[in-house]
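Written out below as structure tokens is the structure these notes cover.
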Amino acid sequence: MGALIAGNWKMNGLTADLAELDAIADSLAAEPAAAEALVCPPATLLAAAAKRLKGRAGVGGQTCHPNEKGAHTGELSADMLKDAGAAYVIVGHSERRADCGEGDADVKARAEAALRAGLRPIVAVGETLEEREAGRVVERLLEQLAGSLPDAAAIDVAYEPVWAIGTGRTPSLADIGEAHAAIRTALAERFGGAAADIRVLYGGSVKPENAAEILAVDGVGGALVGGASLKAADFLAIVRAA
Ligand code: PEP
């Protein structure tokens, strides 16, 4: 499987910003990239984003509800995201874990819901600065994986150190390699040979300047990109660095 470069727009993006997607689609049409590109806009723009990207890049949701439908005002099911054109959905992003109190079991339920709807979940895990300083990175990642992974292997995983998100700080390349190796071992133990198709993305302050060296680290199968995914030129530079 080729690398996956996923842009997470978070709570950013109005109709006018869809012009960035035209630039991405045009560039990838003129010169296809080796990596798979994915944009996860706010749900309000999902259908329009899918149309504007013309299949040159995929679209994904930023979370989904564990249930298929029902009395959950304001929520979106995985089926709804799929219906709007999504192929992927991020689950367990640290901002959801922190802002919405989503724990591992909840993240797992969302990932299972995504799989039922035919979406590929990108399951996000990562340590806080406090956990890193206490030397608990691998322990924490294994704990989160054990609780958050669904029972099927049709997933990708994002390693996102919480302290690196939106801060401009990144772990050393050796630290990224160590975390990815631990995650890959856990995935192989859990899913056996099927784990080979799971991409483990790195996320946290990836930008055009550091993308190539991060993407070259052993075990890194792509990137989850926040801030730098909002501008087509930066996002494309990262896609082309893979
Ligand atoms: C993210 O939101 O998943 C992320 C990695 O953000 P940023 O690239 O801005 O650090």
For region 148-199, what is the charge dipole size about the Cα centre, in debye to the nearest 20, if Lys and Arg each add +1 at the Cβ and Asp and Glu each add -1 at the Cβ?
80
Please build a GNM for the chain, connecting alpha carbons under 10 Å apart, and tell me which residue among 151, 99, 17 fluctuates the most.
99
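Just list whichever of 54/82; 82/207; 69/231; 108/231; 108/207 have alpha carbons separated by over 27 Å in the model shown. Intermediate values should be presented prior to the final figure.
Numbers: 54/82 16 Å; 82/207 29 Å; 69/231 34 Å; 108/231 31 Å; 108/207 29 Å.
Distance filter (> 27 Å) returns 82/207; 69/231; 108/231; 108/207.
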Could you state the number of Å between the C-alpha centres of region 173-242 and region 3-57?
19
Residues meeting the amide H criterion for residue 91 (H placed from the backbone, H to H distance under 5 Å, 5 or more places apart or on another chain) are 122, 123, 124
Within the set 58, 168, 226, GNM on the chain using Cα springs under 10 Å gives the largest fluctuation to 168
Using helices alone, I'd like the mean residue ellipticity at 222 nm for the chain: each DSSP H run of four-plus residues gives -39500 (n - 2.57), total over residue count, nearest 500.
-12000 deg cm²/dmol
Using the Karplus curve 6.51 cos²θ - 1.76 cosθ + 1.60 with θ = phi - 60°, work out ³J(HN,Hα) for each residue of region 188-193 in order, rounded to whole Hz, and write x for Gly and Pro.
5, 5, 6, 10, x, x
Distant-in-sequence amide H partners of residue 77 (H built 1.01 Å from N, under 5 Å):
65
In terms of modelled amide H atoms, which long-range or inter-chain residues lie less than 5 Å from the amide H of residue 223?
4, 5, 6, 202
Taking just the C-alpha trace of region 101-142, give me its Rg and Dmax in Å.
13.0, 39
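So which trypsin sites (Lys or Arg not before Pro) in region 41-119 end up in coil per DSSP with only 10 or fewer other C-beta atoms within 10 Å? Please list the in-between numbers first.
Values: sites: 51, 52, 54, 56, 69, 82, 96, 97, 108, 110, 116; in loops: 54, 56, 69.
Here the sparse-neighbourhood loop sites are 69.
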Expected vector for region 22-34, Karplus 3J(HN,Hα) from phi with 6.51, -1.76, 1.60 and θ = phi - 60°, integer Hz, x for Gly and Pro, equals 4, 5, 5, 4, 5, 5, 6, 6, 6, 9, x, 9, 5
By the Kirkwood definition, with r running over pairs of different Cα atoms, region 1-124 has a hydrodynamic radius in Å of 14.7
Working note, the chain: Cα radius of gyration (Å, one decimal) and Dmax (Å, whole number) are 16.6, 48
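List the trypsin sites (Lys or Arg not before Pro) within region 123-152 that fall in a DSSP loop (any state other than H, G, I, E or B) and whose Cβ has at most 15 other Cβ atoms within 10 Å. Display every interim value, and only then the final one.
Working: sites: 132, 136, 140; in loops: 136.
Here the sparse-neighbourhood loop sites are 136.
Readers should treat all values here as calculations from the given coordinates under stated rules, not as data from a laboratory. These numbers come from a predicted model, not from an experiment. Note: ideal-geometry Cβ built from the backbone for every residue, glycine included; neighbour counts use all protein chains shown.
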